[in-house]
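Enquirer: One structure, as structure tokens, below. Some questions next.
The values are calculated or read from the model by the stated rules, or taken from the named source; none is laboratory data. Treat the numbers as computed from the prediction; the structure is a model and nothing was measured. When we count neighbours, we look across all protein chains shown, and the Cβ atoms used for this are built from the backbone with ideal geometry, even at glycine. Calculation scope for accessible area: heavy atoms of the full protein, side chains included, ligands and nucleic acids excluded. Shrake-Rupley method; radii C 1.70, N 1.55, O 1.52, S 1.80 Å.
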Amino acid sequence: MASDPKPPKVRLGSSYRKLYAATTLSNIGDGMSGIAYPWLATAITRNPVLVAVVAAAQRLPWLVFTLPAGVITDRVDRKKAMVAMDSLRFLFTLAVAFAVLGEQGSLPAPDEVQNVVGTRTGLYLLLLGATLLMGCAEVLRDNCGQTFMPSLVAPEHLERANGRMWAAESMANTFIGPPLGSLLLLTAFSLPFFVDAGSFFAAAALVGLIPGVFRAVHPERADDAPPSNWRSELAEGVRWLWGNQLLRAMAIILGLMNMASNISGAMFVLFAQDVLDVTPLTFTIMGFGFAVGGILGGYLAPWLSKKLGSGTCLAMTLGSTAVMQALVGLSSWWPLVAVIFAVGTLLGSTWNVITVSLRQTIIPPHLLGRVNSVYRFFAWGMMPVGAVIGGLVVSIAGRFTTHDMALRWVWFVDAGIHVVLFAVGRRLLTTERLERARTEGVAALEA
């Protein structure tokens, strides 16, 4: 008896491939800047609060600009907005590159930043301002990007498409970009910033080549009717999210997760330099843990979700993060930290693939930009709060204990918050609730 033929392999299309390539290129640049920006900040100042303020400035737009960005996303052509924002990021990064080039002769070597005394005020303010503007552009670009995906890929293929995208982002951001950034940094402080600027330019060009118009269709409004005012449009997105108990709980939990992670993350470069005793090269090698975990997580997420259940995967992320952050706080050996990061990023990527795909499936298309922005207001808006808390924890703890121990305390605080989130998330984010919401969302889209 002949076996049933295998179903034809689904192709995600040329438009998806352009978006995939653009995302990969820009994330290679981000991976380089992930080495260059922290090292530049610590070459300008060794004050933990000032270093934390730079990290907070990068995430502050998620708190203050996310809600307006959602309204903009549902009013404009999402493709054109992405092109415009990547073009702005190209210009902002280019400005930083030229500023660093002008100061290059007086900056310390990357492996001598521990010897910096005082603060270079002018360069610090430029870095702070550029970081803030880059963050605003990133908010609108990323919100448009997530609402753009369902226009390119069918609902039943979103987990696969998002999984591949997360894997590409992880490979570019932590496996390709950082080694390249490290080599460029050791050559000249300004080089990673110039190449990063080029990556944004290339990403804008690739997205611009995607054919079509990608404006949100509002079923309740005639094509020639003027848009309603901002407040009412924004309120509609807030009401929809707040009325959906599952997404509301998910947004709040993710916000507290991100706050906790940024308590330690804002201090990570100082922790790596002063406790783990890394150089730009070993910092890059340690970052390979992020890459390996992210790549595996992006491709394994759909399989893990099906095999273990989506709710179980989310609970695993919360519980394992609590354990791993505590282990990092106890570590003094960077290879062990790299292994811990690999496991943590694998599960973190699984969280992202499952939850982003769920949102793209259950939120009505004409509300996707606004609801997504409200979700991210809770989920990402807590990041700058966490960064500032991290700087304060180190500064205050440093008055009562050694500098090394003060840097370890941020990881223990992070772990404690995740213990509480695991207990809450295991009860609220169950597989049954997630799959029921997914089924109802697909049915609504097909109706």
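Enquirer: Count charges around Leu91 for me, please; just the other residues with Cβ under 15 Å from its Cβ, Lys/Arg as +1, Asp/Glu as -1.
Expert: -1
Enquirer: Can you put Ile396, Ile72, Ile354 in order of accessible area, largest first, using a 1.4 Å probe?
Expert: In descending accessible area the options line up as Ile396, Ile72, Ile354.
Enquirer: Taking 8 Å as the Cα distance limit and 6 or more residues as the minimum spacing, I'd like the relative contact order of the chain as a percentage.
Expert: 29
Enquirer: Can you give the net charge of the other residues whose Cβ lies under 12 Å from the Cβ of Ile362, counting K and R as +1 and D and E as -1?
Expert: Local charge sum for Ile362: +2.
Enquirer: Calculate the length of the line joining the C-alpha centroid of region 328-383 to that of region 243-293, in whole Å.
Expert: Their Cα centres are 10 Å away from one another.
Enquirer: Roughly how many whole Å is it from the C-alpha centroid of region 404-447 to that of region 183-202?
Expert: 36
Enquirer: Eight or more residues apart or on different chains, and alpha-carbon atoms under 24 Å: count the Lys pairs in the chain matching that.
Expert: 7
Enquirer: Over 20 Å apart: what share of the alpha carbon pairs of region 11-68 falls there, rounded to a whole percent?
Expert: 51
Enquirer: Just to check I understand the Karplus step: with θ = phi - 60° and J = 6.51 cos²θ - 1.76 cosθ + 1.60, what whole-Hz values come out for region 334-345, glycine and proline as x?
Expert: 5, x, 5, 4, 4, 5, 4, 5, 4, 5, x, 6
Enquirer: Just add up the charged neighbours of Ser332: K/R +1, D/E -1, any other residue whose Cβ is under 10 Å from the Cβ of Ser332.
Expert: Residues close to Ser332 contribute a combined charge of -1.
Enquirer: Here's a follow-up. Checking the a/c ratio against 1.5 first, then a/b against b/c, what shape does the Cα gyration tensor give for the chain?
Expert: It comes out prolate by the Cα gyration axes.
Enquirer: Now for a different question. For region 373-425, rounded, prolate or oblate, judged on the Cα gyration tensor with a ≥ b ≥ c (square roots of eigenvalues), a/c < 1.5 rounded, else prolate if a/b > b/c?
Expert: Oblate, because a/c is 1.5 or more while a/b does not exceed b/c.
Enquirer: Whole-Hz Karplus ³J(HN,Hα) for region 152-164, in order, using 6.51 cos²θ - 1.76 cosθ + 1.60 and θ = phi - 60°, x for Gly and Pro?
Expert: 9, 10, 5, x, 6, 10, 5, 5, 5, 5, 5, x, 5
Enquirer: Compute the Cα gyration tensor for region 328-399, then decide on rounded, prolate or oblate, letting a ≥ b ≥ c be the square roots of its eigenvalues: rounded whenever a/c is under 1.5, prolate when a/b is larger than b/c in the other cases, and oblate in all that remain.
Expert: oblate
Enquirer: Quickly rank 338-350, 382-394, 426-438 as a protection proxy: mean count of other C-beta atoms within 10 Å, highest first.
Expert: 382-394, 338-350, 426-438
Enquirer: So, one more: State the dimensionless ratio Rg/Rh of region 249-352 (Rg: radius of gyration of Cα atoms; Rh: Kirkwood radius).
Expert: 0.99
Enquirer: Right, something else. Rounded to the nearest 500, what is the chain's calculated 222 nm mean residue ellipticity when only DSSP H runs of at least 4 contribute -39500 (n - 2.57) each, over all residues?
Expert: -26500 deg cm²/dmol
Enquirer: Would you please put 87-99, 22-34, 44-56 in order of how densely packed they are, using the mean number of other Cβ atoms within 10 angstrom per residue and starting with the highest?
Expert: Taking the mean over residues of other Cβ atoms within 10 Å, the ranking is 22-34, 44-56, 87-99.
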